[in-house]
Amino acid sequence: MSAPIWVGVALLGGAGAIGRFLLDGWIAARTRGDLPLGTLVVNLSGALALGLLTGLALSGDALVLAGTATLGSYTTFSTWMLETQRLAEDAELPLALLNIALSLLAGVGAAALGRSIGAHL
Amino acid sequence: MNDDCLKLTTYFGERERTPNGLLADELLALYGRERLQASVLLRGAEGFGAHHSRRTDRLLTLSEDLPVVSVAIDRRACIEALLEPVLALQRRGLLTLERARLATDSVLAPSAPRERPPAETKLTLYLGRRQRIARVPAFVAICEQLRRGGVAGATVLLGVDGTRRGQRARAGFFASNSDVPVMLIAVGSAQSITAVLPAIAAALGEPLLTLERIRVCKRDGHLLARPPELPPSDARGRPLWQKLMIYTSQSATHEGRPLSGQLVRRLRETGLAGATGLRGIWGFHGEHAPHGDRLLQVRRRVPALTIAIDTPARIAEAFTIVDELTAEHGLVTSEVVPALLPAGEGAQKLALADHTS
């Protein structure tokens, strides 16, 4: 990988994280329930977008920049895990399990949907 | 025991800054320079305030500016002199002044007979994190003494900074932190607290504690009394404020959902001025054995404390919600707050109202 690509990874990675922070904060401030919807929306939209990019057969530097850098830092596994653990800690085990199941099923679905959309474009 | 003391409490966001650094650091540095008898900085777990935006450590993004509470106690003149510099530092959030009796030694007898002794009392002890009584952490030993003495409940809050007898101790990541203050709040009948006080004072040697007049509204789901109906202002037109404190456990639920989180959310929806949720490290209420966290557990068992302040009329409305949510659990107390000021206004507006309920 060339130096400009490394710089691009750093910049787009930062942009992805900022995007997540803003979107997650905007959603979380507007939801009433205890389900961490902000993180769910971020992860599902990220999975859909990454599916779309690979469906479009993006490869090489473009995939590194858009997929690994941007979407990689936009989506978050650790926040999903932490917020699930916090639900369990606060005596909301059913909601914690729902948060895992929903993310997994809808996440894989979103990636598949993205890929098939991308392949048809 | 000094009967003419004041407690200055300020509520703000953890990320609030002054030109010289973080507000929390600057405030506590000021309390340290003024060698206050007792002060402590507490980090909140959730809440809302001036901006009405929700903050909670349940969600990563919303935990970047959690509420903090600073408490400062000393003689009236000391605290009054502190108001100007504190207001110069803190431009946002809320300040309250409350009356308290402060004891800094083992002489616990009130210095002047009270016209009407309170029926219920809040006892606050300022201990060191590593302070021990007979090899047991002091806060654990005292909770046990209080419980055996029939006191309604106690909650231990971990300070991250503060002063005790004028000495500042600030928690650090790689430090023993043994002198960093821990705040133990106990509520119960004045009789039960007066009865256990000499034994606690003897165990501690030189206790640092305050006594405040409160009203216990609910205990273990039973309604004992609604918060006293206060007029909007005292005889001289100075506004009165009211404070609810709701002591529950982090594991307590209402209709299957966590109680402490619901309290803050529902209070915010009613349009209350502000509420702060704090998490304790140890405590008890009612007949339940003292509880805290254990290593490797799923649910947390630590105490949770929610503080809500507003005008008497708004607190009366809020109490209806609190009453509904604490149908099964919780100890609810109400207090008169004789002075409150949104930060950013002049200290001259902070006049202590007179009200004896």
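Between A:Thr68 and B:Glu328, what FRET efficiency comes out of the Förster formula 1/(1 + (r/R0)^6) with R0 = 45 Å and r the beta carbon distance, rounded to 0.05?
Values: r = 50 Å, r/R0 = 1.11.
Computed FRET efficiency for B:Glu328 and A:Thr68 comes out at 0.35.
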Exercise. Count, for each residue of B:57-67, the Cβ atoms from other chains sitting within 10 Å of its Cβ, then give me the mean as a whole number.
Key: 6
Exercise. Go through segment B:255-292 and flag every residue whose accessible area shrinks by 30 Å² or more with all protein chains in place compared to the isolated chain (probe 1.4 Å).
Key: B:Arg257, B:Pro258, B:Arg265, B:Glu269
Quiz prompt | Local electrostatic count, B:Ala100, Cβ distance below 12 Å [Lys/Arg +1, Asp/Glu -1] | solution = +1
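If you average over every viewing direction, what projected area does the convex hull of the Cα atoms of segment B:218-345 give, in nm²? Display every interim value, and only then the final one.
On the way: hull surface 36.9 nm².
That works out to 9.2 nm², a quarter of the Cα hull's surface.
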Quiz item: Given only helices, namely DSSP H runs of n ≥ 4 each adding -39500 (n - 2.57), what is the per-residue ellipticity at 222 nm of chain A, to the nearest 500 deg cm²/dmol?
Solution: -25000 deg cm²/dmol
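Once the piece of chain linking B:Ser233 and B:Gln191 is laid out straight, how much longer is it, given 0.36 nm per residue of separation minus the C-alpha distance between them? Before the final figure, lay out the partial values.
Numbers: separation 42, 0.36 × 42 = 15.12 nm, distance 3.01 nm.
Here the segment from B:Ser233 to B:Gln191 would lengthen by 12.1 nm.
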Self-check item: Two-site label geometry, A:Trp6 and B:Val140: point separation in nm, points 7 Å out along Cα→Cβ
Solution: 5.2 nm
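I need to check one value: relative contact order of segment B:235-324, counting alpha carbon pairs closer than 8 Å and at least 6 residues apart, in percent.
Details: 143 pairs, mean separation 35.8, N = 90.
Once normalised by length, the contact order is 40 percent.
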Practice problem: Choose one of B:Gly261, B:Val298, B:Gly237: the residue whose Cα lies farthest towards the positive end of the charge dipole of segment B:218-345 (beta-carbon charges +1 Lys, Arg; -1 Asp, Glu; about the Cα centre). | Solution: B:Val298
Practice problem: Taking all protein chains together and a probe of 1.4 Å, list A:Leu98, A:Leu58 from the most accessible to the least accessible. | Solution: A:Leu98, A:Leu58
Quiz item: If you average over every viewing direction, what projected area does the convex hull of the Cα atoms of chain A give, in nm²?
Solution: 7.9 nm²
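So for segment B:128-265, what percent of the C-alpha to C-alpha distances run longer than 27 Å?
Numbers: 3555 of 9453 pairs.
Everything past 27 Å amounts to 38 percent.
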Practice problem: Go ahead and estimate [θ] at 222 nm for chain B from helices alone: -39,500 (n - 2.57) per DSSP H run with n ≥ 4, summed, over the residue count, rounded to 500. | Solution: -6500 deg cm²/dmol
Practice problem: For B:His285, B:His329, write out the residues from largest to smallest accessible area, computed with a 1.4 angstrom probe and no ligands counted. | Solution: B:His329, B:His285
Exercise. Name the residue farthest towards the positive end of the dipole of chain A from the options A:Leu40, A:Ala96, A:Val64, assuming +1 on Cβ of Lys and Arg, -1 on Cβ of Asp and Glu, about the Cα centre.
Key: A:Val64
Quiz item: When the dipole is taken about the Cα centre of chain A, and only Lys, Arg (+1) and Asp, Glu (-1) are charged at their Cβ, what size is it in debye, to the nearest 20?
Solution: 280 debye
Quiz item: Using the scaling law 2.2 N^0.38 Å as the reference, what is the normalised Cα Rg of the protein assembly as shown?
Solution: 1.09
Quiz prompt | Å² of accessible area per residue within segment A:3-119, as computed with a 1.4 Å probe and no ligands counted | solution = 49 Å²
Self-check item: Accessible area of the protein assembly as shown belonging to carbon and sulfur atoms, whole % at 1.4 Å probe
Solution: 59 percent
Practice problem: At 1.4 Å probe size, with no ligands or nucleic acids counted, give the accessible surface of A:Ile117 in Å², nearest ten. | Solution: 70 Å²
Quiz item: Which distance in Å, rounded to a whole number, links the C-alpha centroids of segment A:1-58 and segment A:95-116?
Solution: 15 Å
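If we count every other residue with Cβ under 10 angstrom of B:Ala169's Cβ, Lys/Arg +1 and Asp/Glu -1, where does the sum land?
Values: positive: B:Arg129, B:Arg164, B:Arg168, B:Arg170; negative: B:Asp161, B:Asp179.
Combined, the nearby Lys, Arg, Asp and Glu give +2.
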Quiz item: Name the residues of segment A:26-64 whose accessible area, probed at 1.4 Å, falls by at least 50 Å² once all protein chains are in place instead of their chain on its own?
Solution: A:Ala28, A:Arg32, A:Asp34
Quiz item: Accessible area drop of at least 20 Å² (1.4 Å probe, protein heavy atoms): which residues of segment A:70-98 qualify, relative to the chain alone?
Solution: A:Thr79, A:Leu82, A:Glu83, A:Arg86, A:Ala88, A:Glu89, A:Asp90, A:Ala91, A:Glu92
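For chain B, report the accessible area per residue in Å² (1.4 Å probe, heavy atoms, rounded to an integer). Before the final figure, lay out the partial values.
On the way: 14790 Å² over 357 residues.
In whole numbers, chain B has 41 Å² accessible per residue.
Between A and B, buried accessible area summed over both sides at probe 1.4 Å, in Å² to the nearest 100? Write down the numbers at each step before the final one.
Working: alone 7150 and 15670 Å², together 21010 Å².
Summed over both sides, the interface buries about 1800 Å².
The values are calculated or read from the model by the stated rules, or taken from the named source; none is laboratory data. As the structure is a prediction and not an experimental result, all values here were calculated from the model. FYI the Cβ positions are ideal-geometry reconstructions off the backbone, even for glycines, and counts take in every protein chain you see. Heads up: the accessible areas ignore ligands, DNA and RNA and are worked out on the full protein's heavy atoms, side chains in. Shrake-Rupley method; radii C 1.70, N 1.55, O 1.52, S 1.80 Å.
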